[in-house]
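A.B. asks: I'd like to ask you about the structure that follows.
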Amino acid sequence: MKAPRHFISLDDLSPDELRRVLDRALHLKAARARGEQVLTLQNRVLGMIFEKASTRTRVSFEAGMAQLGGHAIFLSPRDTQLGRGEPIADSARVLSRMVDIIMIRAHHHADLVEFAAHSRVPVINALTDLNHPCQLLADMLTYEEHRGSIAGKTVAWVGDGFNMCHSYIQAARVFGFRLNVATPAGYGPDPAIVAEADGQVMLTHDPRVACRDADLVVTDVWTSMGQEDETERRRRDFAGYCVNEELMALARPDALFMHCLPAHRGEEVDAAVIDGPWSVVWDEAENRLHTQKALLEFLLGVLD
């Protein structure tokens, strides 16, 4: 039996394959805007395993499968024995005999890796504590739609050096842009991931340094799911890291702003920025749908 292709990180697809996925996403987006049906995944079933709450991820994957003629099964922590009464490997062996492809939003990246190692079908990383590659597909497509190729551009990351930051570091290497990462002391990204970035990443504790002449400014919430008990401490530690009009004024005149959402106005971003002329967050959110549809096609062998 041929080994399945997984999407655990951006590195699981070659640059050429990522390019084909993004090109296909643009085609699917245009077809949907014209009201055309594209039923490439008829009779295919996606299993969706969520250990964390979700809005955009669940809706984009479930709607995407429906639009392509397939079906999606939502499995919450109450609906499965994943990591509780049944070993992860056993859950993978069973579920992958019943569905055609599986996406997982997991607390621990190691659990996702273990699941994929025992799955007979492709497994998609829909967010772990290490990275969030599906979001980067949407972000790269969004920048390209508004400003063209991101290769050679400068991106500023302001905030926590957590999972989204890790995926931006990987994307900097894969897509060829310069990444300036500004985090408070003690909240920097994983040094091993930075070391793999081939010199594409600059680390600083000063958001102003990161944002100066940036083509794109990106942030995320200061407190991610599972860190709620750290909320007050993080608010203190991240004071000064709110993306506001002053920071955006340091970026290039045509700079864009992105946020994977949900956003907390007045914390990691001011309302004047996320609701202002720099922001493309709504296009970014919509593009989760189109890029994931293309990714599903690719992993299931429809997009060759």
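The values are calculated or read from the model by the stated rules, or taken from the named source; none is laboratory data. Everything numeric in this text was worked out from a predicted model, so none of it was measured. Cβ: placed from backbone, ideal geometry, glycine included. Neighbour counts: every protein chain shown.
A.B. asks: Counting only residues that are in contact (Cβ under 8 Å) with a residue 60 or more places away in the chain, surrounded by 17 or more Cβ atoms within 10 Å (Cβ to Cβ) and either touching a Cys at 6+ places or on another chain (Cβ under 8 Å) or not in a loop (DSSP other than H, G, I, E, B) (or both), how many does the stretch 51-72 have?
C.D. replies: Residues that pass the stated criteria total 7.
A.B. asks: Quick check: is even one residue across the stretch 240-250 without any contact (Cβ under 8 Å) to a residue 40 or more places away in the chain and under 18 Å from residue 146 (Cβ atoms)?
C.D. replies: yes
A.B. asks: Within the stretch 230-299, considering only helices (runs of 4 or more DSSP H) that don't extend past its boundaries, which have at least 2 residues that are at pLDDT 95 or above and β-branched (Val, Ile, Thr)?
C.D. replies: Per the criteria, 271-274, 281-299.
A.B. asks: Quick one: which strands (runs of 3 or more DSSP E) lie wholly within the stretch 168-227 and hold at least 1 residues that are of a type in the set (A, V, I, L, M, F, W, C) and more than 27 Å from residue 22 (Cα to Cα)?
C.D. replies: 178-182, 201-204
A.B. asks: Hey, any hits in the stretch 195-213 for a residue that's surrounded by fewer than 14 Cβ atoms within 10 Å (Cβ to Cβ) and either in the same structural domain as residue 19 (by TED's automatic domain parsing) or within 24 Å of residue 146 (Cα to Cα) (or both)?
C.D. replies: yes
A.B. asks: Which condition from (1) farther than 30 Å from residue 7 by Cα; (2) surrounded by fewer than 20 Cβ atoms within 10 Å (Cβ to Cβ) is the one that residue 241 breaks?
C.D. replies: (2)
A.B. asks: Only residues that are surrounded by fewer than 17 Cβ atoms within 10 Å (Cβ to Cβ) and outside any helix (DSSP H, G or I): list them for the stretch 6-39, please.
C.D. replies: Result: 14, 34, 35, 36, 37, 38, 39.
A.B. asks: If a residue must be under 23 Å from residue 29 (Cα atoms) and touching a helix residue (DSSP H, G or I) at 6+ places or on another chain (Cβ under 8 Å), how many such residues does the stretch 258-285 contain?
C.D. replies: Result for the stretch 258-285: 11.
A.B. asks: Within the stretch 85-107, work out how many residues are part of a loop (DSSP other than H, G, I, E, B), surrounded by fewer than 18 Cβ atoms within 10 Å (Cβ to Cβ) and modelled with pLDDT under 95.
C.D. replies: Matching residues across the stretch 85-107 total 3.
A.B. asks: Right, something else. Take residue 219 and decide whether it is surrounded by 14 or more Cβ atoms within 10 Å (Cβ to Cβ) and touching a helix residue (DSSP H, G or I) at 6+ places or on another chain (Cβ under 6 Å).
C.D. replies: For residue 219, the condition - surrounded by 14 or more Cβ atoms within 10 Å (Cβ to Cβ) and touching a helix residue (DSSP H, G or I) at 6+ places or on another chain (Cβ under 6 Å) - is not met.
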